[in-house]
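One structure is given below, encoded as structure tokens.
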Amino acid sequence: MQKTLMETSGGYAPGGKDTGLVKPKGSSSIRAHEGLDTVPMRARKPEWLKVRSPGGSEYLRLKGLMRSQALHTVCEEAGCPNIGECWEAGTATFMILGDVCTRACKYCAVAHGLPTELDLEEPARVADTVRAMALEHVVITSVNRDELADGGAGIYAETISRIHKAVPGCSVEVLIPDLKGDESALRVVMEARPAILGHNLETVERLHPDVRPGGRYWRSISFLGAAKRIDASLLTKTGIILGMGEEAGEIRQAMSDLREAAVDILTLGQYLRPSMQHIPVARWVTPAEFAEWKRVGEEHFGFGHVEAGPLVRSSYHAKEQARAVEAGEPGSIQRVLEGDIPAPAEVLPGLDLVQLEIGRPGRLNPGAVRRAPYNLRLPRPDGPG
């Protein structure tokens with residue numbers, strides 16, 4: 001289904017979604033950008049950010065395969081600039097649990113709203129597609145599903161297990177949400193034995209409340225630390241987006257904090273504004289700066305590997321990282337901090353639908369409400385559940 005953009009006063013709300021009801025993400029203005037000379041949406045991008053439009057034979061084959069299996073990819077949903085390169089090389093990052101996210105991150109192109117479906121057959125279709133693609137390494141990610149009791153951990157585990165069974169030699173990397181800091185849900189994913197467990201920090205501590213509502217800086221870091229405590233042999237990975245208004249000292253602090261949780265792999269890439277209704281780019285980070293951050297991360301802070309560059313995304317060169325990096329021992333942060341702190345909930349009158357809202361939500365599109373086909377966990381509408 002073609003994705004369209006509904007221009008609303010409430011913010012970004014892409015149409016064409018088939019697994020939920022889309023809600024606007026709210027204002028694109030944030031406090032951290034006050035006084036900054038941000039980059040205009042239509043400003044010419046630097047040469048190092050220009051890529052060829054996708055359209056090769058392998059790209060078209062994979063696109064057809066994804067549609068025939070009714071699967072989503074983060075490559076498409078998040079508008080990844082590397083989609084042409086990666087798909088032509090026969091690699092893709094599957095996005096499970098639907099195409100509508102319960103959180104409203106201000107930088108993300110994935111739709112926000114009320115998921116209304118849970119596809120229990122999806123793990124089997126993903127495994128069949130991985131086998132058809134003859135992949136040696138596959139990356140699985142998802143939207144946030146805060147309305148599910150386990151955050152979707154069970155679907156992750158089933159997907160990993162199905163791939164292991166269908167393609168025994170294929171290593172599986174997962175890029176998971178924070179699962180509300182639920183360590184039992186984290187264990188469900190880890191017991192399925194992924195090769196790499198990733199969870200993105202996304203930005204520095206100061207910017208978190210504005211650009212990543214619903215996420216918590218220390219929850220994300222400690223979630224990765226807890227994974228190391230549970231299984232020290234597992235590679236852990238995270239990513240930070242640069243160009244949203246962070247300062248150099250804050251990047252260093254984030255690196256230091258991540259190493260306290262013994263994170264093995266770090267990715268650093270440039271923020272690219274998906275639409276006028278997302279936060280502006282604060283500045284373009286040069287390739288030379290990315291190269292220096294790679295050096296600092298590996299030599300000064302001790303990451304096993306830092307993948308850094310303007311077009312780098314979480315799964316970029318993922319197979320090479322899985323083969324080359326050795327897992328480190330647990331760090332000083334080993335317990336989940338700020339775990340299981342529910343957001344206020346909006347209960348729609350007369351319906352079994354709940355939108356977990358964090359930050360400043362937009363209004364639900366008029367006439368878009370319909371009953372969910374499964375039971376959602378209902379926290380109290382007037383506060384944490």
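Summary table below
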item	result
Which listed residue, of 295, 363, 313, is surrounded by fewer than 14 Cβ atoms within 10 Å (Cβ to Cβ) and at pLDDT below 90	363
Residues of region 263-288 that turn out to be outside any loop (DSSP other than H, G, I, E, B) and either touching a Gly at 6+ places or on another chain (Cβ under 7 Å) or touching a residue at least 24 places away in the same chain (Cβ under 8 Å) (or both), as a count	8
Selected residue (criterion: surrounded by the most Cβ atoms within 10 Å (Cβ to Cβ)) from residues of region 260-278 that are of a type in the set (A, V, I, L, M) and modelled with pLDDT of 95 or more	263
Of residues in region 54-80 being farther than 25 Å from residue 119 by Cα and of a type in the set (Gly, Ala, Ser), the one modelled with the lowest pLDDT	55
Selection within region 150-176 - within 18 Å of residue 19 (Cβ to Cβ) and surrounded by fewer than 22 Cβ atoms within 10 Å (Cβ to Cβ)	150, 154, 158
Selection within region 90-122 - in a loop (DSSP other than H, G, I, E, B), modelled with pLDDT under 90 and either on the phi > 0 side of the Ramachandran plot or of a type in the set (Ser, Thr, Tyr) (or both)	90, 91, 116
Residue pairs meeting the criteria (Cβ under 9 Å; at least 6 apart or on separate chains; first on the phi > 0 side of the Ramachandran plot, in region 205-218; second surrounded by 21 or more Cβ atoms within 10 Å (Cβ to Cβ) and hydroxyl-bearing (Ser, Thr, Tyr))	214/102
Residue within region 123-145 that is under 14 Å from the mean Cα position of the chain (by Cα) and either part of a helix (DSSP H, G or I) or among the small types (Gly, Ala, Ser) (or both) present	yes
Yes/no for residue 83 being aliphatic (A, V, I, L, M) and at pLDDT 95 or above	no
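The values are calculated or read from the model by the stated rules, or taken from the named source; none is laboratory data. Just so it is clear, the model here is predicted, and its values are computed rather than measured. Heads up, the Cβs are rebuilt from the backbone with ideal geometry, glycines too, and the neighbour counts pull from every protein chain shown.
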